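Take a look at the structure set out below.
The values are calculated or read from the model by the stated rules, or taken from the named source; none is laboratory data. This structure is a prediction, so every number in the text was calculated from the model and none was measured. Here the Cβ positions follow ideal geometry from the backbone for every residue, glycine too, while neighbour counts run over all protein chains shown. Ligands, DNA and RNA are stripped out before the accessible areas are found, and what is left, the full protein with its side chains, is counted by its heavy atoms. Shrake-Rupley method; radii C 1.70, N 1.55, O 1.52, S 1.80 Å.
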Amino acid sequence: MIKSDVQLDAKGLACPMPIVRTKKAMNDVLEGQVLEIQATDKGSVADLAAWSKTVGHQYIGTHEESGVFYHYIRKCDHEANEHQDKTYDKTISIEDAIKGEGVILDVREAAEFAFGHIPGAHSIPMGELQNRLKELDQDKTIYVICRTGMRSDLAAQQLAEAGFRDIYNVLPGMSGYTGDLEKSLG
């Protein structure tokens, strides 16, 4: 099961009610949190993805179980994310990171990682990084990636402060990745 911070039951509702309820529920969701919407309306698959994009939230993905669609949307302040300055100076492109001799560390939330990640990437969500540093080898090159380069920037700084030496922030992040995705739903 995918981890979410807030759940919304929109089962049995027809268009446009899943979007209306989602919009209302999003008011109580904190930035960065993931909202799970449970809906039975088949149109909700396209509708919620399109709505998320128009308002600037991240539509992580959906899966269906026994006629119920489970949608996952991460609340984003789109303008703040796009204009925030990146401060970690060692950066690398996705293509070069994939070709490189190192570990790709994905610091997105577990739900984001589950719906699609670079094959072979290691997942440690940003909020868990400090407590899971022992899982990483300080002698290896680490390519840190997230959705846009913001969380990976902070994670790269955190790793450098913890004594890791060969760290790179992967830009522009998964939002710029066009290769094959590995999924780990279930």
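General observations
- Cα-based helix-to-principal-axis angle, 44-55 vs the chain, degrees rounded to 10: 60
- Angle between the chain longest axis and helix 17-26 axis [Cα atoms, degrees, rounded to 10]: 40
- Surface composition of segment 117-174: carbon and sulfur make up 47 percent of the accessible area, probe 1.4 Å.
- Peptide ranges 21-27, 166-172 listed from the most packed, as the mean C-beta count within 10 angstrom indicates: 166-172, 21-27
- Compared with the dominant principal axis of the Cα atoms in the chain, helix 150-161 is inclined by about 30°.
- Segment 26-73: relative contact order in percent, alpha carbon pairs under 8 Å with at least 6 residues between: 44
- Our summary gives segment 1-123 a relative contact order of 23 percent, counting only alpha carbon pairs under 8 angstrom and 6 or more residues apart.
- Rounded to the nearest 5, the antiparallel percentage of DSSP beta bridges internal to the chain is 45%.
- Close amide H partners of GLY61, meaning residues 5 or more places away or on another chain with modelled amide H under 5 Å apart, are TYR72.
- Judged by the gyration tensor of its Cα atoms, with axes a ≥ b ≥ c, the chain is prolate; a/c meets the 1.5 cut and a/b is the larger of a/b and b/c.
- Cα-based shape type of segment 95-137, given that a ≥ b ≥ c are square roots of the gyration tensor eigenvalues and the cut on a/c is 1.5: oblate
- Prolate/oblate/rounded call for segment 94-186, Cα gyration tensor, a/c under 1.5 rounded: prolate
- Portion, in percent, of the accessible area of segment 21-80 that falls on carbon or sulfur, probe 1.4 Å: 49
- Amide H to amide H distances under 5 Å link SER123 with ASP106, where only residues 5 or more positions off or on other chains count and H is placed in the peptide plane.
- Over segment 1-107, accessible surface divided per residue gives 56 Å², non-protein components excluded, 1.4 Å probe.
- Lysine pairs meeting the criterion (Cα under 13 Å, 8 or more apart or interchain), as found in the chain: 5
- By average C-beta atoms within 10 angstrom, highest first, the peptides 133-140, 64-71, 39-46: 39-46, 64-71, 133-140
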